[in-house]
Amino acid sequence: MSKTMLAAVLHGIKDLRVDERAIPELEPGKALVRVRRGGICGSDVHYFEEGRFGSFAVTAPFVLGHEVTGEVVAVADGVSQPAVGQRVVVNPSRQCGHCDYCRNGRGNLCRNVRMLGSASTKPPTNGGFSEYLLVGAEQCFPVPPQIDDGLGAMIEPFAVALHALKRVGSVVGKPVIVTGGGPIGLLTVIAARACGATTIAVSDPVAERRQMALQVGADSAFDPTEASFKDQVAALTGDGFEILFEASGAVPALKQAFEVVRRGGTIVQIGVYSAPEISLPVNQLLVRELQFVGSFRYGNVWEEAIRLVASGRVNLQPLISRVLPLKQAAEALALACAKTGVVKVQIDLT
Ligand SMILES: [Zn+2]
Ligand SMILES: [Zn+2]
């Protein structure tokens, strides 16, 4: 085996290069994965376009990517799972397993978490747009043949959506709306349907995204910039939505959220804002007893996400718009920046 590999390294704003790097050496407790497919996430796009993602600013060149399918090519001594040769999806978030949050079932809030392809650490943690990736054995989830490489790389963003559903308990029979018809918004529609929500609406100013939302199973799609938006919501729901998933990261969407959720309803924040602070109608929380809930990455939803996709109960295939080879990684990132024409862009590393 060669000692070097190719990786898509972000050097600066809109400066992504395919560099040669050393293949990482096996460490205790870890598995070496030959990456086959990597999906481009909103966070990759933010790093690429702005050099930051929310409060995480890029401080040094690093490999992007955290939505990964691959094949295990080596495991450290004593590792029994996964096995060499197994095709796996990688949970990019490595939790320490022993802090108070990890011990109390909220590992996504781990005090010592490391996330692949993320500038949340200094220096940034390298990600999965590289031919080889060294990860903790426990981060690898074997996938059955019906989950191909493309669908495998959709499991991570689907886990984000599924976790958001778990943050509100049961949605069975409840009217919900998802604001923002980007990849995470669309996956939230699919997850909400799988979890039993009735009346699922989407709002997005872009017609193409509303169309896509209807295609993946939304019952209605609204343009939130239309003057009649609130009337349309009232016509559909009477009193407003029980639960709103804010997946756009757009300030007007969150402000409007307080107007389309019914009394006692819940707003779940999934989208990330570029603005660190915004003003909100906070008294609404009080007088209408609204819940405003954050949803960060995912807890223990990976196996469920894999089962839902493998069973055919949810179909994530329509969301994969384009697949480009690693050598065109910069082009793939630029493509993913577009708000129309594509939903999910993936990089093929085979
Ligand atoms: Zn992601
Ligand atoms: Zn921890």
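The values are calculated or read from the model by the stated rules, or taken from the named source; none is laboratory data. Because the structure is predicted, anything quoted here is derived from the model rather than measured. Cβ coordinates were reconstructed from backbone atoms using ideal geometry, including for glycine residues, and neighbour counts include every protein chain displayed. Remember, those area values only see protein heavy atoms, side chains included, never the ligands or the DNA or RNA. Shrake-Rupley method; radii C 1.70, N 1.55, O 1.52, S 1.80 Å.
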Computed P(r) (all Cα pairs; segment 27-120; 5 Å bins; percent): 2, 13, 17, 18, 20, 17, 9, 2, 0
Accessible carbon and sulfur surface of segment 1-152 relative to its total accessible area, %, 1.4 Å: 49 percent
Between segment 158-222 and segment 295-350, the alpha-carbon center distance in angstrom: 17 Å
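What does the charge count near Val79 come to, summing +1 for each Lys or Arg and -1 for each Asp or Glu among other residues with Cβ under 10 Å from its Cβ? Before the final figure, lay out each step's value.
Details: positive: Lys30; negative: Asp77, Glu138.
It works out to a net charge of -1.
Could you please state how large a percent of the accessible area of segment 186-241 is carbon and sulfur, counting protein chains only and using a 1.4 Å probe?
Numbers: 1140 of 2290 Å².
Using a 1.4 Å probe with all protein chains present, segment 186-241 comes out at 50 percent carbon and sulfur.
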Reciprocal mean inverse distance between Cα atoms of the chain - Kirkwood radius, Å: 20.6 Å
Contour minus Cα-Cα distance for Thr198 and Leu214 (0.36 nm per residue): 4.4 nm
Pairs from Lys230/Lys344; Lys166/Lys255; Lys166/Lys327; Lys174/Lys339; Lys122/Lys255; Lys3/Lys327 whose Cα-Cα separation, in the structure shown, is over 27 Å: Lys230/Lys344; Lys166/Lys327; Lys174/Lys339; Lys122/Lys255
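Can you work out the accessible area per residue across the chain, with the rest of the protein chains kept in place, probe 1.4 Å, in square angstrom? Before the final figure, lay out the partial values.
On the way: 15020 Å² over 350 residues.
It amounts to 43 Å² per residue over the chain.
Before rounding to the nearest 500, sum -39500 (n - 2.57) across all DSSP H runs of length at least 4 in the chain and divide by the residue total; then give [θ] at 222 nm in deg cm²/dmol. Working shown, then result.
Numbers: 11 runs with 92 residues, N = 350.
Calculated at 222 nm, the ellipticity per residue is -7000 deg cm²/dmol.
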Range of Cα positions in segment 240-337 per principal axis (Å), largest first: 53, 34, 23
Ser321 - accessible surface, heavy atoms, 1.4 Å probe, Å² rounded to 10: 50 Å²
Local electrostatic count at Arg262 - Lys and Arg +1, Asp and Glu -1, tallied over other residues with Cβ under 13 Å: 0
Contour minus Cα-Cα distance for Gln317 and Asn104 (0.36 nm per residue): 73.2 nm
Euclidean distance between Cα centres, segment 9-51 to segment 65-110, Å: 17 Å
Calculated FRET value between Glu303 and Tyr273, using beta carbons and R₀ = 25 Å, to 0.05: 0.20
Over segment 75-157, volume per residue of the alpha carbon convex hull, in Å³: 128 Å³
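Where Rh denotes the Kirkwood radius from the mean inverse Cα pair distance, what is Rg over Rh for segment 205-246?
Over the Cα atoms of segment 205-246, Rg/Rh equals 0.96.
Just add up the charged neighbours of Val89: K/R +1, D/E -1, any other residue whose Cβ is under 15 Å from the Cβ of Val89. Intermediate values should be presented prior to the final figure.
Details: positive: Arg34, Arg36, Arg37, Arg87, Arg94, Arg297, Arg307, Lys344; negative: Glu67, Glu71, Glu138, Asp148, Asp149, Glu156, Glu303, Glu304.
After counting each charged neighbour, the total is 0.
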